[in-house]
């Protein structure tokens with residue numbers, strides 16, 4: 001049997017289907033007004049959060065962004081062009097506009113710019129450096145209206161596990177704070193000159209390229225170190241950073257400001273190159289020359305000379321205060337540990353005879369120890 005459907009019936013059926021299929025949810029569930037969910041009350045910030053916020057608020061105005069600019073000859077002309085050489089961090093040392101940063105941040109700079117926390121940029125000149133400690137002091141040519149020197153702490157009583165904070169400009173992102181703990185103390189790292197920096201603070205606070213020269217702070221917001229290096233096979237943050245301790249910084253920066261360099265303790269001697277001394281069968285540090293009226297000369301020590309083609313060996317330094325020394329760097333580090341004016345016992349050898357000599361450490365020139 002065949003059922004015939006009129007065209008009008010088909011139109012009615014199709015219309016009904018369309019009505020059912022289009023927006024069926026809205027057809028059977030009419031929309032209601034949609035509003036944001038209620039906000040849950042946050043409550044008070046935790047004590048350590050408030051501490052971090054306060055540390056950043058108090059210290060970020062003291063942290064600066066250092067840009068070193070080098071002059072390079074253009075490939076297409078004889079004109080010199082200025083090229084950004086490197087960037088790093090630093091901090092305001094005093095109200096006279098002196099800035100402390102890392103030596104490696106500005107080592108190749110022909111011109112230096114310092115950007116303050118308010119994004120104003122100021123020209124600076126180099127006051128002096130301590131490459132062996134990776135430290136440098138800059139001087140702002142013009143002074144901003146407001147300068148906030150960083151608060152100085154101490155590092156000789158630090159404990160592993162203490163909370164620390166780093167403020168700097170990692171990868172150019174200025175005014176960044178990271179936190180962590182002191183992971184270890186009394187580490188040794190190598191400076192840009194090859195000399196070891198002793199007593200270094202190890203931290204897991206995130207320190208990346210650009211943080212160099214910035215402050216490491218304790219939970220009281222005081223400077224306890226200058227961030228100087230990271231251990232990272234990839235060049236990024238790997239959880240191991242190092243900072244030069246503030247006790248070292250606080251002893252060196254005044255010397256740089258006054259003399260343009262560090263006045264190192266010594267006894268007024270220069271040494272035969274280690275490889276040549278070994279070829280001569282000498283163990284220890286073979287003295288080459290003595291400064292006139294220096295402590296070593298006044299104590300009767302002798303240098304190495306040549307007479308009628310024959311080398312006459314001088315005195316050899318074996319130990320300082322009971323510590324065996326096998327390199328000039330190690331000797332200088334030990335003398336530095338004792339400090340200017342200290343009387344220190346040296347173990348000296350000559351022609352197989354070993355003796356003890358008490359010498360006072362005095363300021364020495366850049367070319368003697």
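General observations
- The stretch 247-271 - residue that is part of a loop (DSSP other than H, G, I, E, B) and more than 15 Å from residue 330 (Cα to Cα) and, of those, farthest from the chain's Cα centre (by Cα): 268
- Yes/no for residue 281 being free of Cβ contacts under 8 Å to residues at least 12 places away in the same chain and outside the structural domain of residue 201 (by TED's automatic domain parsing): yes
- Annotation: residue 244 fulfils all but one of (1) surrounded by 15 or more Cβ atoms within 10 Å (Cβ to Cβ); (2) out of contact with any helix residue (DSSP H, G or I) (no Cβ under 8 Å at 6 or more places or on another chain); (3) assigned to a strand (DSSP E or B); the unmet one is (2).
- Contact map, the stretch 227-252: first residue closer than 23 Å to residue 337 by Cα, second residue assigned to a loop (DSSP other than H, G, I, E, B) and modelled with pLDDT under 90, Cβ cut-off under 7 Å, separation 6 or more or different chains; pairs are 227/207; 227/211; 227/212; 228/212; 247/156; 252/262.
- Among the conditions (1) closer than 29 Å to residue 187 by Cα; (2) modelled with pLDDT under 90, residue 317 misses just one, which is (2).
- Residue in the stretch 289-311 that is closer than 20 Å to residue 195 by Cβ and assigned to a strand (DSSP E or B) present: no
- Identity of the residue in the stretch 311-328, surrounded by fewer than 16 Cβ atoms within 10 Å (Cβ to Cβ) and touching a strand residue (DSSP E or B) at 6+ places or on another chain (Cβ under 7 Å), that ends up farthest from residue 255 (Cα to Cα): 312
The values are calculated or read from the model by the stated rules, or taken from the named source; none is laboratory data. In this text, all values refer to a predicted model and were calculated from it rather than measured experimentally. With ideal geometry, Cβ positions are generated from the backbone for all residues, glycine too; neighbour counts draw on all protein chains shown.
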